[in-house]
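See below for the structure under consideration.
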Amino acid sequence: MDRIRIRGGNRLSGEIPISGAKNAALPLMAACLLTDEKLVLMNAPWLADVGFMGELLRSFGAETSYVRGPSFGEGGQWELTAKEIRSTTADYDLVRKMRASFLVLGPLVARFRQAKVSMPGGCAIGARPVDLHLKALETLGAEILLEEGYVIARAPRGLKGARIEFPFVSVGATENTLMAAALAQGETEILNAAREPEIVDLGLCLIAMGATISGLGTSRIVVEGTDTLHGARHAVLPDRIETGTYAIAAAICGGDIELTGTSADLIGALIPPLEKAGTMVVTTNLGVSVRRNGSRSSASDVSTEPYPGFPTDLQAQFMALAATAEGTSRIRETIFENRFMHVPELLRMGADIQVQGDTALVHGVERLRGAPVMATDLRASVSLVLAGLAAEGDTVINRVYHLDRGFERLEEKLSAVGAEIERLKE
Ligand code: UD1
């Protein structure tokens, strides 16, 4: 298995192009199942997870082709056509690799009136049930059975619009419902809907495919169902987690990085704590510039919340910054119950962190020390990369496949701004 070696201590300067968002690309790819015409997705990142989704779509009989961007920093393009569908079963072997595979359930049952999808696996960050997805589809008229680890959904007379109120915000359940409702008969009202930019991006693509949707970006989305959707071309929005991760890299290492092809609006909740920590974030013509000069960062508190709050997907990275800041930062995780798995690894690098329930008290140390560490999930892995960039000496990160699931050309992008980072092939 590949490893990544980092020699810490370099300041970073230069430009990093931001890729299309993984978490937007995955539901957008699933949306191709809603039509027999071609869906073209531009600015699409090349990542292990989107590769899995392509494989899953092909297992149903969809035709997929991906062409990489012509150069470093230019997104690729998917062409997806779900015309001759021969199966509506998503096998365990494909779904267990990635939780987002479950997003095919809504589109499949809406268009083909039946689907059999394995219960998902994915990152080991808590129980992560799918009850909200299933309840929403039931409310839209699907009959749901659980059999031998599979969800079987049937709607012989098609789905019917309904009022769905989520008890708490779920990104995936909102996406599955939005896609299913687009092909249901009549109106669907989704209350307590997720407001993440990726939901808006999916909604805009569905509108381009002929759907009628209002309220995107608010907690009340209304969908007027239609019998058929058509093909469309859609550009995937920039990855706000990648943007935030490299912004934190500039904060942790010091230096001056311009993140291009993205926007400061996408990391709105990260900017105040970054500024409090002593980092300047400025909008530029090409994207956003992040700068920290000289002195050590200061401690800053964050609590994860659904969008527009501080993203759980940046919690681990922010903790790496807090680990070297002056003072004590309180980092609270409210979305997932088991998302401090990076803490023991950061401790091995000399960090001083105590976990009390859902809160980590991070007492910043002057310097982290390089160490061999092991990544346990996608965002945890990249927090170890950031810690390694700031540490004295060498850090070797094992189990790099987690990074490959979500960060496109990570070593190339960081090397281009002066980091000493290389992949050790096995
Ligand atoms: C998505 C993102 C993930 C991010 C998360 C929260 C993708 C592909 N993944 O994951 O990177 O960390 O949003 O921003 O977009 N829950 C239930 N029942 C359900 C569904 C969710 O209890 O049916 C719980 C989850 O266990 C979790 C919380 O709701 O505690 C939020 O999860 P959700 O927003 O659904 O996350 P995902 O869509 O899986």
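The values are calculated or read from the model by the stated rules, or taken from the named source; none is laboratory data. Being a predicted model, the structure only gives us computed values, none of them experimental. Here the Cβ positions follow ideal geometry from the backbone for every residue, glycine too, while neighbour counts run over all protein chains shown. When the accessible area is computed, the model is the full protein with side chains, heavy atoms only, and any ligands, DNA or RNA have been set aside. Shrake-Rupley method; radii C 1.70, N 1.55, O 1.52, S 1.80 Å.
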Give me the percent of DSSP beta bridges within the chain that run antiparallel, rounded to the nearest 5.
70
Which value in nm describes the separation of the simple spin-label points at residue 79 and residue 399, placed 7 Å from the Cα toward the beta carbon?
3.9
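Please figure out what share of the DSSP beta bridges in the range 341-426 is antiparallel and state it in percent, rounded to the nearest 5.
Of the beta bridges lying entirely in the range 341-426, close to 55 percent run antiparallel.
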Helix 48-60 against the longest principal axis of the chain: what's the angle in degrees, Cα atoms only, rounded to the nearest 10?
10
Return one number: the angle in degrees, 0 to 90 and rounded to the nearest 10, between the long axis of the Cα atoms of helix 171-182 and the longest principal axis of the Cα atoms of the chain.
30
Mind checking Rg over Rh on the chain, alpha carbons, Kirkwood formula for Rh?
0.98
Over the range 58-122, average the accessible area per residue using a 1.4 Å probe and give it in Å², no decimals.
45
For residue 161, the net charge from surrounding residues (Cβ-Cβ under 12 Å; K, R +1; D, E -1) works out to -1
For residue 338 paired with residue 208, estimate the spin-label separation in nm (one decimal), with each label point 7 Å from Cα along the Cα-to-Cβ line.
3.8
As a Kirkwood estimate from alpha-carbon pairs, the range 47-137 has a hydrodynamic radius in angstrom of 14.3
Leaving out ligands, DNA and RNA, and with a 1.4 Å probe, what % of the accessible surface on the chain is carbon or sulfur?
47
On Cα atoms only, tilt of 240-253 relative to the major axis of the chain in degrees
0
Among 315, 77, 354, the residue with the largest mean-square fluctuation in a Gaussian network model of the chain built from Cα contacts under 10 Å is 354
Backbone HN-Hα couplings from phi across the range 222-239 [Karplus 6.51/-1.76/1.60, Hz, Gly and Pro as x]
10, 10, 9, x, 9, 6, 9, 10, 10, x, 6, 10, 8, 9, 5, 6, x, 7
Largest-first principal axis extents, alpha carbons of the range 217-313, Å
60, 28, 18
Taking the Cβ of residue 147 as the centre, find all other residues whose Cβ is under 15 Å away and add up their charges (Lys, Arg: +1; Asp, Glu: -1).
-1
Counting only DSSP beta bridges fully inside the range 286-403, the antiparallel percentage to nearest 5 is 55
Considering all projection directions equally, how large on average is the shadow of the alpha-carbon convex hull of the range 95-205, in square nanometres?
6.7
Mean-square fluctuation maximum in Gaussian network of the chain, Cα pairs under 10 Å, restricted to 154, 163, 111, hits 163
From the C-alpha gyration tensor of the range 240-375, square roots of 5λ in Å
23, 17, 13
In deg cm²/dmol, rounded to 500, what helix-only [θ] at 222 nm does the chain give when every DSSP H run of at least 4 residues adds -39500 (n - 2.57) and the total is split over its residues?
-8500 deg cm²/dmol
Would you mind getting the accessible area per residue of the range 201-330, heavy atoms of the protein chains only, 1.4 Å probe, in Å²?
35
Please check: in the Gaussian network model of the chain (C-alpha springs, under 10 Å), which one of 168, 310, 52 has the largest mean-square fluctuation.
168
Binning at 10 Å from 0, report for the range 185-249 what percent of all alpha-carbon pair distances ends up in each bin.
21, 41, 26, 10, 2
What FRET efficiency comes out for the pair residue 114/residue 265, r = Cβ-Cβ distance, R0 = 30 Å, nearest 0.05?
0.15
